[in-house]
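A quick write-up on the structure given underneath.
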Amino acid sequence: MLYNKLMTDKKQIGFTLIELSIVLVIIGLLVGSVLMGKDLIRASEIRSTISQIEKYNTAVNTFRSKYGGIPGDLKYTEASGFGFYSIWFAPYIGYSGYGDGNGLIRSGFGAGPPSTVVNLYGEPFMFWRHLSDAKLIDGNYGENLNWAAETSAMSGVDTINAFLPTSKLTGSTIAVGSPLNGVNYFLLTKVTSIIGIGAFGTSENPLTAHEAYTIDSKIDDGLPATGTVFAIDAISAVNSSTGLNHPNTWKTVSAVAGCVASSAYVLTQTTPSCSLRFKFQ
């Protein structure tokens, strides 16, 4: 009798196949829920980023209607007259980089000094400072612009965010690049360093091709080389002083490795390989 009881108790130790199956199903559901949760969070971030860019477009149009110019592009006298932050850099008075009033956001200087002379007082940085001064966007940017102290590479999230807004999409930055064919652009990329006399130093591509396609489809035509939203390769674009600030030096859309092929987004690509630029509306 005692032997039979011990053998019965021994058989009951451990899980049955049915119990193991239930455990595996529960684990699968938990893993699936976590992955689905991440997808939902990312989808929410994409929607928020689209709204963020639309708000910046609205802010620019409001600024232009109220002050008669583009933020960052106002001439020194105009900007100071409205009480906005402005710079009078004696050797190059009146040239772009401090605002030349031509309606285009670009870095560097105009017809006089070499266009390669770029600094943090360039229009792409003053752009955000003027929108902040006008209280048309959330946050304060460019409060510590300082030519003397900012002539070397600066990196780190906090440093970058002091000059450029963080996108609602985790791990990305919203910036403004120099115009292409007379059109201003917002940039959705990830700026990782800025250089006092070289504008944007380095950058990364924060979007997968599918994420880029999703944003493009919601705002534009879903095609990477047409419309108002374009795919770009930021990594190859910002390794020089004329990189991210000058879209005409970026790789053509067909050469954005892992992001675009045959003038279409590579939707099977899961590695971040895309950045985007958006025409001002």
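The values are calculated or read from the model by the stated rules, or taken from the named source; none is laboratory data. Because the structure is a prediction, the values reported are computed rather than measured. Positions of Cβ are backbone-derived with ideal geometry, glycine not excepted, and every protein chain shown enters the neighbour counts. Side chains are part of the model used for accessible areas, which takes the heavy atoms of the whole protein and leaves out ligands, DNA and RNA. Shrake-Rupley method; radii C 1.70, N 1.55, O 1.52, S 1.80 Å.
State whether one or more residues within the range 130-137 are among the acidic types (Asp, Glu) and at pLDDT 90 or above.
Filtering the range 130-137 down to residues among the acidic types (Asp, Glu) leaves 133.
Adding the requirement that they be at pLDDT 90 or above leaves 133.
Yes, some residue in the range 130-137 is among the acidic types (Asp, Glu) and at pLDDT 90 or above.
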Take the conditions in a loop (DSSP other than H, G, I, E, B), on the phi < 0 side of the Ramachandran plot, open to solvent by 70 Å² or more (accessible area, probe 1.4 Å) and at pLDDT below 80 and apply them to residue 85. Does it pass? no
Unmet requirement for residue 67, which otherwise passes all of (1) on the phi > 0 side of the Ramachandran plot; (2) modelled with pLDDT of 90 or more: (1)
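Condition first: hydrophobic (A, V, I, L, M, F, W, C) and under 9 Å from the mean Cα position of the chain (by Cα). Now tell me which residues in the range 177-190 satisfy that. Steps first, answer last, please.
As a first pass, look at the range 177-190 and keep what is hydrophobic (A, V, I, L, M, F, W, C): 180, 183, 186-188.
The answer is 186, 187, 188.
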When the range 178-198 is examined, which residues are found to be within 20 Å of residue 101 (Cβ to Cβ) and at pLDDT 75 or above? 179, 180, 181, 182, 183, 184, 185
From the list 53, 22, 18, 27, pick out the single residue that is at negative phi and at pLDDT 85 or above. 53
Six or more apart or on different chains, Cβ under 6 Å: which pairs go from a residue in the range 257-280 that's closer than 16 Å to residue 219 by Cα and open to solvent by 50 Å² or more (accessible area, probe 1.4 Å) to one that's modelled with pLDDT of 85 or more and among the β-branched types (Val, Ile, Thr)? Could you list them? 279/183; 279/228
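Looking only at residues that are part of a helix (DSSP H, G or I) and in contact with a strand residue (DSSP E or B) (Cβ under 8 Å, 6 or more places away or on another chain) in the range 215-237, which one is most open to solvent (accessible area, probe 1.4 Å)?
The initial filter retains those residues of the range 215-237 that are part of a helix (DSSP H, G or I), namely 215-219, 234-237.
Still in the list and also in contact with a strand residue (DSSP E or B) (Cβ under 8 Å, 6 or more places away or on another chain): 215-216, 219, 234-235, 237.
On the way: 215: 2, 216: 0, 219: 63, 234: 1, 235: 87, 237: 5 Å².
The selected residue is 235.
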Applying the selection to the range 199-214, what residues are surrounded by 24 or more Cβ atoms within 10 Å (Cβ to Cβ), within 11 Å of residue 188 (Cα to Cα) and modelled with pLDDT of 85 or more? 205, 207, 212
